[in-house]
1. Among PRO105, GLY340, SER271, whose Cα projects farthest towards the positive end of the dipole of the chain, with charges put on the beta-carbon of Lys, Arg (+1) and Asp, Glu (-1)?
2. In whole percent, what relative contact order does the chain give with Cα contacts below 8 Å and a gap of six or more residues?
3. For a quick size check, give me the Cα extents of the stretch 172-330 along its three principal axes, largest first, whole Å.
4. Cα-Cα over 24 Å: which of LYS11/LYS121; LYS121/LYS175; LYS175/LYS348; LYS16/LYS427; LYS453/LYS490; LYS427/LYS460?
5. For the chain, what is the mean residue ellipticity at 222 nm derived from helices alone (per DSSP H run of n ≥ 4: -39500 (n - 2.57); sum divided by total residues; nearest 500 deg cm²/dmol)?
6. Under a point spin-label approximation (7 Å from Cα along Cα-to-Cβ), what is the GLU46-ALA24 distance to one decimal in nm?
7. Students often get this wrong, so try it: which of (i) -0.26, -0.52, -0.67, -1.24; (ii) -0.29, -0.53, -0.65, -1.10; (iii) -0.22, -0.42, -0.55, -1.13 is log10 I(q)/I(0) by the Debye sum over Cα atoms at q = 0.05, 0.07, 0.08, 0.12 Å⁻¹ as calculated from the structure shown?
8. Exposed loop GluC sites (Glu not before Pro) only (DSSP loop, at most 12 other Cβ atoms within 10 Å): please give the longest stretch of the chain free of them, not including the sites.
Amino acid sequence: MAKDKKPRRPKAETPKGFRDYFGAEVADRNRMLQQISEVYHLYGFEPLETSAVETVEALGKYLPDVDRPNEGVFAWEEDNDWLALRYDLTAPLARVAAQFRNDLPNPYRRYAMGPVWRNEKPGPGRFRQFYQCDADTVGAASVAADAEICSMLTHTLEAVGIPRGDYLVRINNRKVLNGVMETAGVLDPSDPSKFEAERGIVLRAIDKLDRLGEDGVRALLGAGRKDASGDFTDGAGLADEQAEIVMGFIGAKRADGGATVARLRELVGGSQIGGEGVDELETIADLLAAQGIGPDRAEIDPSVVRGLGYYTGPVFEAELTFEILDERGKPRQFGSVSGGGRYDDLVKRFTGQAVPATGISIGVDRLLAALREKGRMDGSSVGPVIVTVMDRNRMADYQTMVGELRQAGIRSEVYLGNPKNFGNQLKYADKRNAPVAVIQGEDEAARGVVQVKDLVLGAKIAASASLEEWKSQPAQREIARGDLVAEIRKMLGTES
């Protein structure tokens with residue numbers, strides 16, 4: 001008789017492309033998001049939380065790095081309709097702006113923070129779930145709205161701890177690129193759908209300039225490119241003379257904004273849409289200058305195009321310019337942490353009427369990594385005060401102590417594991433990064449005292465102090481039970 005098979009145990013592992021976030025990481029993120037939200041609030045933006053699930057129809061075809069609709073998302077069919085996890089926070093905003101257009105103020109200024117999901121191939125530092133932090137203005141056609149977004153972005157970076165000189169907001173305009181592509185013969189103003197696939201490849205190619213270099217972009221503008229792994233990416237199929245016009249646009253940046261604008265006017269030639277784009281760039285630069293934001297903080301840069309197809313006007317990126325060491329130990333700039341632009345046709349999908357909109361999205365994980373590189377966040381946090389248990393029959397006494405500490409606003413907890421081994425309690429306190437341990441056995445209770453152990457000082461003494469220093473600065477001392485809250489406050493440096 002065959003033996004019954006034991007039930008298969010599930011693997012305790014995170015799905016591929018996903019990760020878990022623990023205490024200090026979550027605390028750092030929440031602290032940074034609070035700083036960002038304060039800047040957004042200062043600029044008059046209101047918070048909005050949308051559903052994590054949208055219909056695939058509402059999400060539309062504007063997906064990252066794919067050529068066909070409905071790819072790149074986690075989707076499922078329900079009641080003859082397809083639903084999907086949101087892949088960004090902009091498409092849900094477009095749905096909200098259309099659904100509640102009669103109730104919302106116009107313009108509508110909102111910010112949103114939360115996770116998004118993309119069904120893409122994961123890689124080093126590239127996950128299928130990540131946090132974004134957006135701010136958008138819907139209903140304002142003036143490029144003053146775009147300038148305001150760029151201004152707010154500079155203030156946001158400085159508020160979270162990126163100093164001036166370590167970042168640069170780079171600004172371009174898709175209308176200028178459209179003018180260049182019209183000149184190059186891959187855009188027909190009378191038939192916008194013509195050459196649409198080729199333009200999509202051109203956009204993504206330019207957007208990868210930092211990673212692929214000029215030769216890689218040139219290959220994608222032409223026949224295509226084979227990467228180091230042997231994978232081949234189809235190109236836009238542009239002739240050499242067409243590709244040269246696009247490459248001239250990429251290299252149009254000059255020593256100052258005025259010279260760059262003059263070069264862009266040459267490249268767009270007689271294109272009406274291109275000329276409008278250049279005019280808008282000049283206006284944005286003037287409006288930023290009026291707010292005291294010069295080219296050391298924000299500048300015109302034609303190499304910025306943004307890969308998503310829904311942008312219709314100004315586009316911008318925030319790049320961190322300080323150097324870090326890569327996995328090979330070579331210095332490189334940290335790179336982009338934010339991007340956005342104008343998308344005047346996104347709400348139109350729902351309403352049939354043009355609704356202007358512009359906004360920015362911050363990559364939360366990227367910005368957190370940058371702050372850690374700058375030493376502004378160390379990935380650690382102070383844990384709770386630990387009230388140890390010397391006698392399990394006196395648990396009510398220990399709960400009274402922790403209750404008093406919490407009433408005073410001091411984060412604290414009673415050890416709830418097996419109290420038999422006191423060393424394990426201190427090991428637990430160490431894992432929790434606890435600053436102080438409170439100890440009271442039968443003898444201390446009878447005398448109305450407690451022992452308080454400074455775990456931070458104790459660790460320093462154990463690591464480096466001499467015997468004389470240890471005697472002069474004991475890490476553990478006895479105090480009156482009634483002085484517990486006051487002494488803990490003093491040890492934590494939180495005296496009122």
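1. Sorting the options by dipole projection puts first GLY340.
2. Details: 827 pairs, mean separation 68.5, N = 496.
With pairs under 8 Å counted, the relative contact order is 14 percent.
3. Cα spread of the stretch 172-330 along its principal axes, largest to smallest: 51, 50, 25 Å.
4. Those over the limit are LYS121/LYS175; LYS16/LYS427.
5. -12000 deg cm²/dmol, from helical runs alone.
6. In this crude label model, GLU46 to ALA24 measures out at 4.0 nm.
7. After the calculation, the listed value that fits is (ii).
8. Values: sites that count: GLU13, GLU49, GLU327, GLU495.
Excluding the exposed sites themselves, the longest stretch runs over 50-326.
The values are calculated or read from the model by the stated rules, or taken from the named source; none is laboratory data. Remember, it's a predicted structure, so these values are computed and weren't measured experimentally. Counting neighbours? That spans all protein chains shown, and the Cβs are built from the backbone with ideal geometry, glycine included. When the accessible area is computed, the model is the full protein with side chains, heavy atoms only, and any ligands, DNA or RNA have been set aside. Shrake-Rupley method; radii C 1.70, N 1.55, O 1.52, S 1.80 Å.
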